[in-house]
Amino acid sequence: MTKDEVIILVNKELEKGIIYAKAIHNVYNDLNSKKTDKIACHKGCGFCCRQVAPSSRIEWNEIEKYIIENNLKETILEKNKDTITEWQTYLRDNWSEIMKNGQKPYNDWLGRKNCIFLDDDKSCGIHEVRPLICRVVTSTSVCTSFTNPDVTVFKYDYEKYLMELIWETGHSMSLIDLFTGLKD
């Protein structure tokens, strides 16, 4: 599938009056449902959810709406207050290095802490509106290591093209940064 074909599919979703992030996610879900690979990922695994995940602003708008509509804000804040404080300290202490290497926080936090949206049963608390980056990470075997060779990101070209469309909408930030903005 070419990028132009993916854009046509997204535009068809937009013609239905669906917002951009949701249109991209719908196209991903539809194309993903046609995969024939046996994916080991399942509800309650949560292995890859031990990191700081990025989100685009347009995806965050949907996540924020979901959090508010489902009255999740205070519960998430309370459950993750230590993680949020640790993250803010980490950013303050490493800011100059982060400015040189924007990937540093994602590398440093890999495997350290659960995503702030991971529920106690290791299910995604925002699964319905999770960012595309969380959708495109899959594994064909049960994960036991972050260097698992069966883990793939962007296994299919359409995933890359959809992610490019998300990135073209502007800057992305970590879910913790975006979420803590809800406190104000």
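Tabulated results
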{"read-out": "Cβ charges +1 (Lys, Arg) and -1 (Asp, Glu), total dipole of the chain, debye", "value": "280"}
{"read-out": "Relative contact order of the chain, defined on C-alpha pairs under 8 angstrom at six or more residues apart (%)", "value": "39"}
{"read-out": "Kirkwood Rh in Å, taken over the stretch 129-184 so that all alpha-carbon pairs contribute", "value": "13.3"}
{"read-out": "Choice from Ile76, Ile98, Ile133 with maximal GNM fluctuation in the chain (Cα, 10 Å cutoff)", "value": "Ile98"}
{"read-out": "Dipole-positive endmost among Asn26, Met99, Ile166 within the stretch 3-183 (Cβ charges, Cα centre)", "value": "Met99"}
{"read-out": "222 nm mean residue ellipticity, helices alone, for the chain (DSSP H n ≥ 4; -39,500 (n - 2.57); rounded to 500)", "value": "-15000 deg cm²/dmol"}
{"read-out": "Karplus 3J(HN,Hα) series, Hz, for the stretch 28-38 with 6.51 cos²θ - 1.76 cosθ + 1.60 (x for Gly, Pro)", "value": "4, 4, 5, 5, 5, 5, 9, 5, 10, 5, 8"}
{"read-out": "Sequence-separation-based contact order of the stretch 16-123, relative, with Cα cut under 8 Å and 6+ spacing, percent", "value": "50"}
{"read-out": "Within a Gaussian network of the chain (alpha carbon springs, distance under 10 Å), most fluctuating of Thr36, Thr140, Thr169", "value": "Thr36"}
{"read-out": "For the chain, built as a Gaussian network whose Cα springs stay under 10 Å, the top-fluctuating residue of Arg57, Arg92, Arg130", "value": "Arg92"}
{"read-out": "Listed pairs Lys34/Lys155; Lys22/Lys122; Lys65/Lys122; Lys3/Lys104; Lys22/Lys43 exceeding 19 Å between Cα atoms", "value": "Lys22/Lys122; Lys65/Lys122; Lys3/Lys104; Lys22/Lys43"}
{"read-out": "Cα-only Debye scattering, the chain: base-10 log of I(q)/I(0) at q = 0.11, 0.20 Å⁻¹", "value": "-0.51, -1.58"}
{"read-out": "Partners for Lys38 among aspartates and glutamates (Cα-Cα distance below 12 Å; same-chain residues under 8 apart left out)", "value": "Asp150"}
{"read-out": "Reachable aspartates and glutamates, given that their alpha-carbon falls under 13 Å from the alpha-carbon of Lys73 and they are not under 8 places away in the same chain", "value": "Glu64, Asp184"}
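Each value in this text was obtained by applying a stated rule to the coordinates, not by laboratory testing. Not measured: the values here are computed from a predicted model. With ideal geometry, Cβ positions are generated from the backbone for all residues, glycine too; neighbour counts draw on all protein chains shown.
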